[in-house]
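This report refers to the structure that appears directly beneath it.
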Amino acid sequence: MDTARGAAQAERSANQVACLRFLADADEARTVGAISEGTGLSRPTVHAVLDDLLETGLVEAASPATAGPGRPARAFRFARETGLVAGVDLGPRGARAIICDLSGRRVGYAEIQPAKQADLSLIPRALQAAANSITPAELDLGRLRAVGVGLPGVVEADGRLRASLAMPDLVGLPVAELLAKELGQPIVVDNDIKLAALAEQRGGAGRGYSDVVYLQIGHRLSVSIVLNGVIRQGRHRLAGELGAQRGMRWTRNAQRGQLVWSVRPTSAEVLSAAAAGDADAQAELEDFCAQIAGRIATVLLVVDPEVVVVRGGALQDSGALLRPLATAVEQELVFPERPPFVASALGREAVVLGAVGNAFDRCSSGIYGVHDYPSPWAHITHELERTTQ
């Protein structure tokens with residue numbers, strides 16, 4: 001009896017997911033006939049599913065875009081605006097916030113800087129700024145159903161920041177718990193680079209691959225790994241934290257994890273100069289790649305990924321980094337098999353996109369009230385495919 005009831009419930013949930021996904025991808029209201037044809041479900045089944053979804057508020061009746069002679073068929077649309085999901089990327093230099101509707105489409109975005117020192121108060125401020133970015137009226141943050149947060153450092157499973165060179169004042173704080181009390185919504189917190197890797201794997205340069213190594217060269221050098229489509233955390237959530245080895249320095253120009261360059265102030269400026277043909281910048285970059293190649297090669301031999309996604313500056317300058325890096329790593333490897341090195345597709349927004357996507361992943365049942373509804377990664381990252389540097 002219980003088995004039969006469980007099977008019936010699973011079938012019901014699967015039918016709800018099928019109908020909701022069909023409507024979520026549609027730009028207009030759809031009739032029962034169109035939903036039946038698009039999902040392969042019978043009309044009676046579609047009617048029953050729609051009755052359930054109408055009660056949840058995820059679907060509403062609407063007039064079809066077109067109608068033939070006679071009485072128009074009844075149509076339905078995904079009420080994507082009834083709920084919101086947000087992501088925030090918090091770092092020592094400020095915060096980025098993105099707000100998406102239930103279909104994963106971006107409806108608000110903002111970047112803010114701290115007056116003095118960045119702290120947790122920037123997160124609600126960034127969310128409000130993103131809500132205010134919509135004209136003529138701001139978004140109602142009371143419709144938030146979940147918020148994802150990315151932080152620099154080692155983040156425990158319960159959302160506590162265990163260690164962080166970038167934001168030491170937040171170390172030890174139960175970030176998820178504090179924000180949940182303030183915002184009144186479920187909060188999911190993770191390491192910023194791990195979230196960037198997740199976003200690239202789900203909807204960026206690593207899309208279509210299950211095993212991805214993500215390498216970011218910015219103010220510091222960071223690595224994260226996605227295996228079988230899941231962020232590799234490790235038993236103590238230290239996977240990828242190569243800088244945590246005592247006495248280890250990635251390169252000669254690393255000072256307490258921060259990269260210090262000689263020809264230009266930042267890595268992005270070094271890359272830009274190298275791409276423009278500056279011989280000194282090219283030489284420093286080639287030397288840098290030669291220094292990190294051995295450690296990257298070790299990661300590749302341990303993980304054997306399908307692709308390495310590299311973020312190191314503007315997309316148009318990526319070749320200046322990818323070519324010497326791939327060449328230097330190749331010289332460290334005995335076997336000819338090696339993954340391609342590709343430029344990040346999501347750029348500086350990878351973390352905030354990973355944060356909101358992680359919120360969808362982790363809080364799906366609460367967001368939709370439907371079991372096993374897939375996160376809308378295609379919509380979350382779609383807008384950046386043409387515009388992100």
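How much of the pair distance distribution for region 263-389 lies past 19 Å, counting alpha-carbon pairs only, in percent?
Working: 4762 of 8001 pairs.
Here the tail beyond 19 Å accounts for 60 percent of pairs.
In nm, to one decimal, how far is the His236 label point from the Asp169 one, both placed 7 Å along Cα→Cβ?
Computed distance between label sites His236 and Asp169 equals 2.8 nm.
Using only the Cα atoms of region 156-298, what semi-axes does the equivalent ellipsoid have when each is the square root of 5 times a gyration tensor eigenvalue? Give whole Å, largest first. The partial results should precede the final answer.
Working: eigenvalues 185, 69, 47 Å².
One finds semi-axes of 30, 19, 15 Å for region 156-298.
Go from 0 up to the bin containing the longest alpha carbon distance in region 1-151, width 10 Å each, and give me the % of pairs per bin.
Values per bin, smallest distances first: 11, 30, 24, 20, 12, 4, 0.
So, with +1 on the Cβ of K and R and -1 on the Cβ of D and E, and no other charges, what is the size of the charge dipole of the chain about its Cα centre, to the nearest 20 debye? If you can, show how the numbers build up before the last one.
Numbers: 39 positive and 44 negative charges, 93 e Å.
The calculated dipole for the chain is roughly 440 debye.
Looking only at the chain, where both bridge partners belong to it, what percent of the DSSP beta bridges are antiparallel (to the nearest 5)?
Details: 34 of 53 bridges.
In the chain, DSSP labels about 65 percent of beta bridges as antiparallel.
Given the Cα-Cα distance of Asp372 and Ala8 and 0.36 nm per residue of separation, how much length would full extension add, in nm? Please list the in-between numbers first.
Details: separation 364, 0.36 × 364 = 131.04 nm, distance 1.49 nm.
Difference between extended and current length: 129.5 nm.
Nearest 500 deg cm²/dmol is fine: what mean residue ellipticity at 222 nm does the chain get from its DSSP H runs of n ≥ 4 alone, each adding -39,500 (n - 2.57), divided by its residue count?
Value at 222 nm, helices only, nearest 500: -12000 deg cm²/dmol.
Expected output is a single nm value to one decimal: the length gained when fully extending between Glu182 and Gln291, i.e. 0.36 nm times separation in residues minus the C-alpha distance. What is it?
On the way: separation 109, 0.36 × 109 = 39.24 nm, distance 4.51 nm.
Between Glu182 and Gln291, full extension yields 34.7 nm more.
Scale the Cα Rg of region 45-134 by the rule-of-thumb value 2.2 N^0.38 Å and send over the ratio, two decimals.
On the way: Rg = 19.6 Å, N = 90, 2.2 N^0.38 = 12.2 Å.
In units of the globular-protein estimate, region 45-134 measures up at 1.61.
Using the alpha carbon gyration tensor of region 250-329, what are the three equivalent-ellipsoid semi-axes (square root of 5 times each eigenvalue), largest first, in whole Å? Numbers along the way, then the final one.
Details: eigenvalues 89, 45, 23 Å².
In descending order the semi-axes read 21, 15, 11 Å.
Which value results when the Cα radius of gyration for the chain is divided by 2.2 N^0.38 Å? Don't skip to the answer; put the middle values down first.
Values: Rg = 23.3 Å, N = 389, 2.2 N^0.38 = 21.2 Å.
Ratio of Cα Rg to 2.2 N^0.38 Å: 1.10.
Just grab the label-to-label distance for Thr82 and Glu156, each label 7 Å out from Cα along the Cβ direction, in nm (one decimal).
3.8
Distances over 17 Å make up what percent of all Cα-Cα pairs in region 73-178?
Details: 3103 of 5565 pairs.
Percentage above 17 Å: 56.
Just how large is the dipole of region 1-64 about the Cα centre, in debye to the nearest 20, putting +1 at every Lys and Arg Cβ and -1 at every Asp and Glu Cβ? Could you put the intermediate results ahead of the total?
Numbers: 5 positive and 10 negative charges, 40 e Å.
Around 200 debye, computed over region 1-64.
Please return the longest range in the chain lying between exposed loop sites, taking GluC sites (Glu not before Pro), DSSP loop only, at most 13 other beta-carbon atoms within 10 Å, and leaving the sites out. Spell out each step's value before the answer.
Numbers: sites that count: Glu28, Glu337, Glu385.
So the longest stretch without any such site is 29-336.
Can you give me the Cα centroid spacing of region 304-352 and region 1-54 in angstrom?
42
Along the Cα→Cβ direction, 7 angstrom out, place labels at Thr298 and Ser63. What is the inter-label distance in nm?
6.7
Could you give the alpha-carbon Rg of region 193-254 over 2.2 N^0.38 Å, rounded to two decimals?
On the way: Rg = 12.4 Å, N = 62, 2.2 N^0.38 = 10.6 Å.
That works out to 1.18 for region 193-254.
Taking trypsin sites (Lys or Arg not before Pro) that fall in a DSSP loop and have at most 12 other Cβ atoms within 10 Å as cut points, what is the longest piece of the chain between them?
257-385
At q = 0.13, 0.22 Å⁻¹, what log₁₀ I(q)/I(0) does a Debye calculation on the Cα points of region 290-339 give, no solvent, two decimals?
-0.30, -0.81
Report the calculated FRET efficiency for Lys116 and His47 (r = Cβ-Cβ distance, R0 = 56 Å), to the nearest 0.05. Before the final figure, lay out each step's value.
Working: r = 59 Å, r/R0 = 1.05.
It comes to 0.45.
If you split all Cα-Cα distances of region 92-138 into 5 Å bins from zero, what percentages do you get per bin, shortest first?
6, 24, 28, 20, 14, 7, 2, 0
Hey, in the GNM for the chain with a 10 angstrom Cα cutoff, which one of Val32, Val356, Val154 fluctuates hardest?
For the chain, modelled as a Gaussian network with Cα springs under 10 Å, the answer is Val32.
Placing +1 on the Cβ of each Lys and Arg and -1 on the Cβ of each Asp and Glu in the chain, which of Val213, Ser364, Ala199 has its Cα farthest towards the positive end of the resulting dipole?
It is Ser364, whose Cα lies furthest towards the positive end.
Please compute the Kirkwood hydrodynamic radius of region 1-49 from all pairs of different C-alpha atoms, in Å with one decimal. Show your work: numbers first, answer last.
Working: mean 1/r = 0.0881 Å⁻¹.
Its Kirkwood hydrodynamic radius stands at 11.4 Å.
Picking from Leu178, Leu151, Leu20, which is most flexible by a Gaussian network model of the chain using Cα springs under 10 Å?
Looking only at Leu178, Leu151, Leu20, the largest GNM fluctuation is found for Leu178.
Running a GNM on the chain with Cα contacts under 10 Å, which residue among Leu161, Leu353, Leu50 ends up with the highest mean-square fluctuation?
Leu50
Every number in this text was worked out from the coordinates using simple rules, so none of it is lab data. All figures in this text were calculated on a predicted structure; none of them were measured in a lab. Note that we place each Cβ from the backbone using ideal geometry, even for glycine, and neighbour counts take in every protein chain shown.
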